[in-house]
Structures are given as C-alpha cells and as structure tokens.
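This report concerns only the one structure given below.
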Amino acid sequence: MRHDEWPASFDRVYTEFLLRRVVHDLGNSISGINSLSDYHLRSGVNDPALTESLTLIRESAESSRELLIAVGNLLQPPEVEEELVHVQTLIDETAKALSLLVPRSAKLETTGNGQPDAVISVVRGAFLRKVLALAAMELVDVRVPSGSLKLGWTLEGSKEVRIQFRSSVRSGSKLAEQAPEFLADLSRGMDVVGVADDGTSLVTMIFPIIEFE
C-alpha cells in the first residue's frame, strides 16, 4: 500500500507516536544540558567568557524545555467538558504558548490586562489548541512571516467578553472565513465572528460572562 493510500487514522497514529518519542528524547537531552550547565555555574567559574557561554547555554536549554512542554501538552488527549476560567488567565496561558511557537520575525502582542477580570465557560485545552491552530493557519505557508499577531480581550458591559485574534501577516489564508466553524465547539454559549479587511484578519469570540471577580 502506497503512503497516499494509508487511512488518515493511521497517519495520525504514527505521527503522534513519532512526535511523542521526539518530545521525550529531546526532553531528556535538554534536561541534561540544563542541569550540567547550571551545576558548573553554581560551582563557580573564574573565566567571564566561559560564564557567559554557560549562561547562554542554560537559557537556551530552558527555552527549549518550555517549548517541549508546550508541544507535549498539545499532544495530550483533548478535553470535551467546559470549565469556568478567568479570562486573563486563559489569555496569559495561550500567549505564553504562542510566544514559544511564533517565529521572531512576526510580532506577537497581547492586550486586556488591567481591566476587571471575568469568568467564562470554555473547553480550556481546546481553546489553547485552536488559537495556536489559528496562528499556524497564518504562518505555515509564509517562509519569513512579518506583520503581527494580536490576542486580547475586552469587556462589553456586564454581560459579554470579547476575545479577539487579529493577524496582519498577510498570508493569504482564509482565516476569517474558516474560523467561525472551526471554533464553534469551544463553548455552548459562544458566538464567533470573522472579518477580513485589506490583508488583516480579525476573529472575535463572544462569551457570556458567568461572574465578575
């Protein structure tokens, strides 16, 4: 049987298996690099150049470890039940994962902190995965992406929260057109609106507020 004749479920199973092995083995290697460089720094190094090099190695290893943790979390079986979540916590968690995965050539911005927090009902893990998928839709076909990705939220009176994902990467993807159907199962009470204008795509997720903090 040729590769293009394999069932889609088989492709998914072996791809997930390979990814889990890569995450596991790289995680072990990076942990060793991190621990060894940290040990030598704590032991005291008299050479300033060596100290700087070890510090850079440790910081790079820590960034790689955080990226692997994020990838490992994405490979976990998805949740199906909604839970009550603080909006700012949800934005912070998602922005951290985005910052590990978005290329440095594209600017990542977050907004919303500083206003009164609110609680919404959402499938938390699915929200993270799907916002990362929105970013992937914009970035995957662009060799050196530029422009910006913005994730933020605003209160609309005392009844609604609007979470917005905006892209000015100009990738040519159909983000605004496809997002409403793609995001529809994040919450039973949510509405999704997608708008595209002059190369900028804006996806707005409208959640009813469960309670204020």
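Between residue 80 and residue 136, full extension at 0.36 nm per residue minus the direct alpha carbon distance yields a gain of 17.9 nm. Placing pseudo-labels 7 Å out from each Cα toward the beta carbon at residue 170 and residue 25 gives an inter-label distance of 4.1 nm.
Subtracting the Cα-Cα distance of residue 154 and residue 212 from 0.36 nm times their residue separation leaves 19.6 nm of extension gain. For the pair residue 89 and residue 49, a Förster radius of 30 Å applied to the C-beta separation gives a FRET efficiency near 0.10, rounded to the nearest 0.05.
Report the FRET efficiency, 1/(1 + (r/R0)^6), for residue 197 and residue 66, where r is their Cβ-Cβ distance and R0 is 30 Å, rounded to 0.05. According to the calculation, E is roughly 0.30. Using a cutoff of 8 angstrom between alpha carbon atoms and counting only pairs six or more residues apart, the relative contact order for the chain works out to 17 percent.
Computed from the coordinates by the stated procedures, all read-outs in this text should not be read as laboratory data. Because the structure is a prediction, the values reported are computed rather than measured. Don't worry about glycine lacking a Cβ; one is built from the backbone with ideal geometry, like all the others, and counts go over all protein chains shown.
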